[in-house]
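Written out below as structure tokens is the structure these notes cover.
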Amino acid sequence: MQNTEYMVQGTDVTPRDGRVAGDFHELNVWQRTKDFTVFLYRLTDRGAFRKDISLRDQIRSTAVSIVSKIAEGDELGSSRQAIELFNSSKGSAARLITQIAIAYEIGYLTDHCFDQIREECQAISNMLAKLIHIRVRAAH
């Protein structure tokens, strides 16, 4: 199994320049989620995942959905629409944790790998909660 020690440190959600919207690729939460998605693609390209196409594709689709909604939300002109997409992305992170839990329970993941993936999903969810809070404040 691939080493899962890639996790990016830090939970800041906005770039160093403090901007609130636009240039999604500068968002730390987008960068972290994109890297995590690439990791999940590589992880699910081996072992039992290679044969379980349905679960593999669901995990991949959910991970891509999370990072894509962050990008879309950040590029929208409306804070309300952005907040909706960030909330949806946060919900998708919970869906991903569920899919990973199933993969773990059926023996596709080690304890260590499962714990790291679950922690990374939770960290991303927490970053999204902070981003939502920032956008709600900026909208008022």
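Of the residues making up the stretch 57-71, just one is more than 12 Å from the chain's Cα centre (by Cα) and free of Cβ contacts under 8 Å to residues at least 40 places away in the same chain, namely 57. Against the numbered list (1) touching a Phe, Trp or Tyr at 6+ places or on another chain (Cβ under 9 Å); (2) modelled with pLDDT of 95 or more, residue 75 comes up short only at (2).
The set of residues in the stretch 47-67 being among the β-branched types (Val, Ile, Thr) and surrounded by fewer than 19 Cβ atoms within 10 Å (Cβ to Cβ) consists of 53, 64. Cβ-Cβ contacts under 9 Å between residues 6 or more apart (or on different chains), taken from a first residue in the stretch 28-54 that is part of a helix (DSSP H, G or I) to a second residue that is loosely packed, with under 14 Cβ neighbours inside 10 Å and acidic (Asp, Glu), are listed as 28/12; 29/12. Looking only at residues of the stretch 74-117 that are small (Gly, Ala, Ser) and under 15 Å from residue 59 (Cα atoms), we find that the one that is farthest from the chain's Cα centre (by Cα) is 103. One residue alone among 124, 100 is crowded, with 20+ Cβ neighbours inside 10 Å and under 16 Å from residue 44 (Cα atoms), and that residue is 100.
Could you check, for the stretch 106-113, whether at least one of its residues is free of Cβ contacts under 8 Å to residues at least 40 places away in the same chain, surrounded by 15 or more Cβ atoms within 10 Å (Cβ to Cβ) and in a helix (DSSP H, G or I)? Looking through the stretch 106-113, none of the residues is free of Cβ contacts under 8 Å to residues at least 40 places away in the same chain, surrounded by 15 or more Cβ atoms within 10 Å (Cβ to Cβ) and in a helix (DSSP H, G or I).
Does any residue of the stretch 60-69 turn out to be over 20 Å from residue 25 (Cα atoms), part of a helix (DSSP H, G or I), at pLDDT 95 or above and β-branched (Val, Ile, Thr)? No, the stretch 60-69 contains no residue that is over 20 Å from residue 25 (Cα atoms), part of a helix (DSSP H, G or I), at pLDDT 95 or above and β-branched (Val, Ile, Thr).
Could you check the stretch 72-86 and list, in sequence order, the residues that are surrounded by fewer than 17 Cβ atoms within 10 Å (Cβ to Cβ) and either touching a strand residue (DSSP E or B) at 6+ places or on another chain (Cβ under 6 Å) or part of a helix (DSSP H, G or I) (or both)? 72, 75, 80, 81, 84 - these are the residues of the stretch 72-86 that are surrounded by fewer than 17 Cβ atoms within 10 Å (Cβ to Cβ) and either touching a strand residue (DSSP E or B) at 6+ places or on another chain (Cβ under 6 Å) or part of a helix (DSSP H, G or I) (or both).
The values are calculated or read from the model by the stated rules, or taken from the named source; none is laboratory data. Treat the numbers as computed from the prediction; the structure is a model and nothing was measured. Here Cβ is always computed from backbone atoms with ideal geometry, including for glycine, and neighbour counts include all displayed protein chains.
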